[in-house]
1. Among the candidates Glu477, Glu468, single out the residue that is surrounded by 14 or more Cβ atoms within 10 Å (Cβ to Cβ), touching an Asp or Glu at 6+ places or on another chain (Cβ under 8 Å), in contact (Cβ under 8 Å) with a residue 40 or more places away in the chain and closer than 26 Å to Ser531 by Cα.
2. Can you work out which of the residues in segment 671-693 that are assigned to a loop (DSSP other than H, G, I, E, B) and surrounded by fewer than 19 Cβ atoms within 10 Å (Cβ to Cβ) is farthest from the chain's Cα centre (by Cα)?
3. Using the structure shown, decide if Leu639 is within 16 Å of His574 (Cα to Cα) and either surrounded by fewer than 22 Cβ atoms within 10 Å (Cβ to Cβ) or under 29 Å from the mean Cα position of the chain (by Cα) (or both).
4. Which one of Arg614, Arg544 is touching a strand residue (DSSP E or B) at 6+ places or on another chain (Cβ under 7 Å), buried (at least 19 other Cβ atoms within 10 Å of the Cβ) and under 26 Å from Met492 (Cβ atoms)?
5. So, restricting to strands (runs of 3 or more DSSP E) that lie completely within segment 542-651, which ones have at least 2 residues that are touching a residue at least 24 places away in the same chain (Cβ under 8 Å) and among the charged types (D, E, K, R)?
6. Let me spell it out: the conditions are (1) surrounded by fewer than 17 Cβ atoms within 10 Å (Cβ to Cβ); (2) in a loop (DSSP other than H, G, I, E, B); (3) outside the structural domain of Leu486 (by TED's automatic domain parsing), and Pro433 meets all of them except one. Which number is the exception?
7. Inspect segment 706-727 for any residue being touching a strand residue (DSSP E or B) at 6+ places or on another chain (Cβ under 8 Å), surrounded by 14 or more Cβ atoms within 10 Å (Cβ to Cβ) and not assigned by TED's automatic domain parsing to the domain that holds Ala328 and give the result as yes or no.
8. When you check Trp353 against the structure, is it assigned to a loop (DSSP other than H, G, I, E, B) and either under 30 Å from Ile652 (Cα atoms) or touching a Ser or Thr at 6+ places or on another chain (Cβ under 8 Å) (or both), yes or no?
Amino acid sequence: MADDAHHARVPPAGHLLRAATLGHAAHRAAADDRRTHARAHHQRDLPGHLRDPLVGDAHDHADARAGGRRAHLLVLLLHQLRRPRGQGSHAQPAAAVHLPARLRPEVRPPQQLGLQSRRAARADLPGHGRRGHQRARPVGRGKHGPHPGPHARTPGHQRQGDHGQPPHAAEGDRDGAGRRHGAWRGRSGPGRPDARAGHGGRHRAGRHLGQLVAGEGARQARRRALAAPAGGRTRGAGLVTVFAARCGIHDAAREEGIARVTRLAEAQGLELVRFSWCDPHGVLRGKTLVASAAGRALREGVGMVSTLMLKDTSDRTAFKVFEPGGTATLPGFGFANNLLLLADPDSFVQLPWTQGTGWMRAQPWFQDGTPVELDTRRVLQRALEKLAASGFAMRCGLEVEFHIYKLRDTQPQLDPMQADWPGPPPAVDLVHPGYNLLAESWYDLAEEPLRIVQHTAQALGLPLLSLEVELGPSQVEAVFDATDALAAADNMVLFRNAVKMALRRAGYHATFMCRPPFPHIMSSGWHLHQSLVDARTGRNVFRREQPAAGTTPADATHTLTELGEHYLAGLLQHARGMSVFCTPTANGYGRFRPNALAPQSVLWGRDNRGAMLRVVGECGDEATRIENRIGEPAANPYLYLASQVHAGLDGIGRRLKAPPATDAPYAGKEESLPTSLGEALQALRADASLCEAFGSAFIDYYTRIKQSEQQRFDAAEDKDAFQQREYFGRF
């Protein structure tokens, strides 16, 4: 009888066991002739002499599921138990039937079998029903096309759950968390989706695993799982479009990229693939999939809880997602619903510090196939589209200062008794004592961790040019060659997160926090070199062949073109408003102080490292550019660069003129930069043009997250302890 847990218990059936000892030659002869049984081809894994002609259409479920089992008596008994009396009824033993001969059943005491009811685990799966049991559905009728998808069955192996469901349920339920790359796979029991659809139920014969080991082998199975058709796949009698196609990004080129990833993963013997997304703070988050799931995830997406986009720097959710109106300003968000990450196959790399692991960059989408516009990478993409509409493209070079320490003791950070939100930072030592700028002997002291930085960056294909010892204790700098703006931002995200992981494994701690929580430190900055080029020819549109007539070196057009001057003036005009995108942490504003090779005021200078904007180059120099020195290394690269584009375009559009270059950057005569995160947020709100360029929805979203950080900083009794936990151990 079926118990409350929806499992079946099989009592001894003496009349059935006695019948098993009788020979029924007529039945055996009929079973051997496949043509006499209209459904014999569905009873795939029992020899013909073991098939019972009395087991009809409603009972072929167990036959179709029985591959690899040798307890044929149990299969036939299961047929009787699975004969339903109707919708909503419990399973009952059927009347006795003649069992085929040659079976020698073993009499065992009653035991609980690993059967599950067909009750739906979720209300949005109509194919599984919502009230009690359903009739067992015939299986084996579905026709699969030449590309059955990443979970292709071998001939003769069908899976209940694929038939009689709507296409989205058969694919894995796009509208819920359970659909993502087999998230429920291998789980069973009440409240779980039907384990039969995930190759993980206890009733399953284990035949698939045996085929992987004894047949095709794991490598062939991984290749088959990664492969799938470009625009869709057949499922039953219909064609189902993959999610990436619904998003409008899946085409022949992307499909070829997926095939290339498949070949690389196979050739390199990868076991895992990380799907990573850059959060609002520039930190990579995501999920790690087994290699066999990567192909499906590239087409169908990887589930991600939407609250990851709503976190402040402590990982607290800044919006009340479970309260009425808590996400009223965030269309598509609410109740910690799911988003989908779709990765770019062209971003695939193999991680050099861990074995057998690939990596891809991903971006979030809503489940209806529309992009999540609050994603910071999309913010930069929209800015660059606007720039391209004006006929220009952006080139950027990076100078990134950061600190590397030798890990002394990670016990506080990993002690469960000290766990907190956020937790304590690790104890560290210096890798060089500092205050000996570019000293070769100091570089030699720090060479071991710097070599790790070098090898990591180069293995990832990043355009690293140099590594240098900076002025501060344990402070270093990495310099990267110029690339297009989006690639520069991508490179910064990958470099920063990769270096932290690679160094940690070697016993070091890297932090891109502006001001580490120690006395006598030097602040770290991120100096962004930028220029505009003609989108058609690639010519640097900032470069001037000769100084403008009647100008002096203090004039912008002495070196820059008129368009370059307008761009420079736009950066100055919006300096205070953009500062929260360039220096987004409460910690970073301690850097804006005099005589520290950091800016203090809104001004520009010619090759002047005390100015906020430094014009580099001479007439005729193709490398003529503007260096913005306002940024901190913890900034989100996409927002930092987007703020430059919007400010510069406003200057070009309004044909703004730049003031004379400064010769006293710390005189305090010019407008000051914000001195706190709170002041920077107010300056952004006061900059109507910049708010319009980013869009009011994004400004409301981003300032809400940063206000959460500022409020907690203001409330902290020990500001140093707050910054140690908030930034040093995490950024």
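1. So the residue among Glu477, Glu468 that is surrounded by 14 or more Cβ atoms within 10 Å (Cβ to Cβ), touching an Asp or Glu at 6+ places or on another chain (Cβ under 8 Å), in contact (Cβ under 8 Å) with a residue 40 or more places away in the chain and closer than 26 Å to Ser531 by Cα is Glu477.
2. Among those that are assigned to a loop (DSSP other than H, G, I, E, B) and surrounded by fewer than 19 Cβ atoms within 10 Å (Cβ to Cβ), it is Glu671.
3. Details: within 16 Å of His574 (Cα to Cα): yes; either surrounded by fewer than 22 Cβ atoms within 10 Å (Cβ to Cβ) or under 29 Å from the mean Cα position of the chain (by Cα) (or both): yes.
Answer is yes for this residue.
4. Numbers: Arg544 fails: under 26 Å from Met492 (Cβ atoms).
Selected residue: Arg614, the only one of Arg614, Arg544 that is touching a strand residue (DSSP E or B) at 6+ places or on another chain (Cβ under 7 Å), buried (at least 19 other Cβ atoms within 10 Å of the Cβ) and under 26 Å from Met492 (Cβ atoms).
5. The strands (runs of 3 or more DSSP E) meeting that bar are 625-631.
6. (3)
7. So far as segment 706-727 goes, yes, one or more of its residues are touching a strand residue (DSSP E or B) at 6+ places or on another chain (Cβ under 8 Å), surrounded by 14 or more Cβ atoms within 10 Å (Cβ to Cβ) and not assigned by TED's automatic domain parsing to the domain that holds Ala328.
8. Considered against the rule, which asks whether it is assigned to a loop (DSSP other than H, G, I, E, B) and either under 30 Å from Ile652 (Cα atoms) or touching a Ser or Thr at 6+ places or on another chain (Cβ under 8 Å) (or both), Trp353 comes out as yes.
The values are calculated or read from the model by the stated rules, or taken from the named source; none is laboratory data. All figures in this text were calculated on a predicted structure; none of them were measured in a lab. Virtual Cβ from ideal backbone geometry, glycine too; neighbours counted across all protein chains shown.
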